[in-house]
1. Mind giving me the FRET efficiency for B:Arg126 and A:Val15? R0 is 30 Å, r the Cβ-Cβ distance, nearest 0.05 is fine.
2. Residue farthest toward the positive end of the dipole of the stretch A:34-84, with Cβ of Lys/Arg at +1 and Asp/Glu at -1: which of A:Thr66, A:Leu41, A:Phe51?
3. Give me the one-decimal nm value for the distance between modelled label points at B:Arg333 and B:Ala185, 7 Å along each residue's Cα-to-Cβ direction.
4. Could you give the length gained on full extension between B:Ser162 and B:Glu35, defined as 0.36 nm per residue of separation minus the Cα-Cα distance, in nm?
5. Compactness ratio of the stretch A:102-190: Cα Rg over 2.2 N^0.38 Å, N = residue count?
6. In degrees between 0 and 90, to the nearest 10, how far off the longest principal axis of chain A does helix A:99-166 point, with axes built from Cα atoms?
7. Cut-off is 10 Å between beta-carbons; in what order do A:Ile185, B:Ile374 appear when sorted fewest neighbours first?
8. For chain A, calculate the relative contact order in percent as a whole number, restricting contacts to Cα pairs under 8 Å that are 6 or more residues apart.
Amino acid sequence: MSQSYHCQLQESVTVHASFGDTVTHSLNLTEILPREEMIALLRQQLLALGFTEDGSQLTLTSAGTTTTVDLDTLEATVSRSSKKKLSATATATGRGYSHSNAQRSAEAELSAAVQRTREQLSAEQQRLQREETAAVEHTDAEVKEVLHRALQQVYTESLKRKASQLGDVRSIRESTSASGEYELIIEIEQ
Amino acid sequence: MNPQHLAVKHLLPFCRATLLGRAAGPSVGQLPLREPSAMTAEVVAAMEDMINKAVMGWLIRGIGWRRMSLPDEDETFTARIWDESVWGDLTLRFTAESIDTLLLAWNRHADGTPSGSPHPSSSQWRKMSAVERRGWKETAQKSEAVRRSLKIDAQLAALSLSAPGDLLLHHLVFRSLYRRQSVKAELWMNNPLNAMAFYPLGASRTPEQCQSIAALLSGPLAPLMPWISAEWPALWRALPNAKNLDAFRQHQVSQAAVFTTWITACTQQASEHLLLPLVRAYADQRSKLSARRSQLTRLTSHLPLRRRQPIHRQWAAALAPIQAIYRCHQEARRSHPIEREGTEQILLSGAAPFDLPVLHRDLSAAVEQLNDSIG
């Protein structure tokens, strides 16, 4: 009577993956005052918002996302990056009437199983990358809003300074309409 | 088969189908170029008639029937662009090269599958050794079918297309064949009209091609620019395949190059033939923007932001040349009516039916959005 052999093989598949995304914006700074003065005002505004200074770069990190403003190039970068170890085990069983036949069958099965596991890990990697992109997209909208407000403050301060250079400032009125439009009226006497 | 019988029974139906943009039937033979034994006077007369009708029909179906407002010296008047009083003499001249184009297209069609040495199937090819593969290639290169095919290719690429009619006919045949079957596009790029219109094929244009496009725009085909520009919007839709991100990018870069060439040609000569279609092309941009935007979103939504952004910026850069029209328009408006140059007068009259400031605002907003700048 012949005897049936069963052979079970396992292989663990590990992928060290890096995820992340970056989005860059250029800051349009209209020069109401000399460029250096405008940049100094912007630095002041960003520091007030919690950015930390490192050379010409100001950085703010919040919930895993880093926002960097380069005052030399006037570029704002929102980025996020992470690393993750993804692992899974591929298992295969082979049967045969001799040990070597069972082993060969299991090996053939295992190589297909490893391929499938790699594909699954790759799909998982893509899913995690899409999540990172969505997170950057979400934070980017908030960062843009913050930078818009900072630039608005820079322009307001610049206009006030410019007005005072042109003559004696009699009155300054600031208002924001229901639609969110900001209005600044400065009366000067020459 | 008797060459005369072949020409009447098969060549003429092939030409008719091709010129009407329909699928041509199976081909059964080839005919030599410019040989009286094959091309009898009757066949040539029938082809001449077909060529005339096809080209004129295409032009009229394009925008020839539309009545549009056109500038005169001090006022605008409404006319069909086809009216002789508008453009002057529109006589199109054809040479024997138009017949050669059709004949070569027919010969190429007949030669599509050389029967001498059929290519092995992919499974057979995989099983062949390197020596066997080399041997097959050498035999195939020596085979009569391949030599014939190479000769047709050389003849197609060598067509000089000197007359405006030849250029239009060549363009018409290529459009039809390209949409219906696979053709070797590079053999048809000696016609600047094809190089200009079929952007995914002429992806990286040579400086010579750019020069010939410029010469074409400001030269013999200048009166036909309205037709040619009217055809552009349909080209993206007409592409049988390759509607991918690369094709989108090439399309944008190509359009920017054509607009730059066009604007340069306009500044060199005060011609309403060039300026008016350009203003209309500018006006067309707004209607296309949202459709293109959604196409781009569809093509890039799966990409990370760091790869999406350069594509958006490239598109914004491609829109820049056409915005020069608005700046020219504003400058022309600022000058005193008496001091205005001919080009400025034509530009202002041509732009009158459109709300250019609104177009400019929308286009600028789109460019700003694509550039993703803050402030």
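All of the numbers you see were taken from the coordinates with simple rules; none came from a lab. Since the model is a prediction, treat every value here as computed from it, not as a measurement. Cβ placement follows ideal geometry from the backbone for every residue including glycine, while neighbour counts extend to all protein chains displayed.
1. 0.45
2. Among A:Thr66, A:Leu41, A:Phe51, the one farthest towards the positive end of the dipole of the stretch A:34-84 is A:Thr66.
3. For B:Arg333 paired with B:Ala185, the spin-label model returns 3.9 nm.
4. 43.6 nm is the gain from fully extending B:Ser162 to B:Glu35.
5. Ratio of Cα Rg to 2.2 N^0.38 Å: 2.49.
6. The helix A:99-166 is inclined about 0 degrees to chain A.
7. A:Ile185, B:Ile374
8. 27 percent
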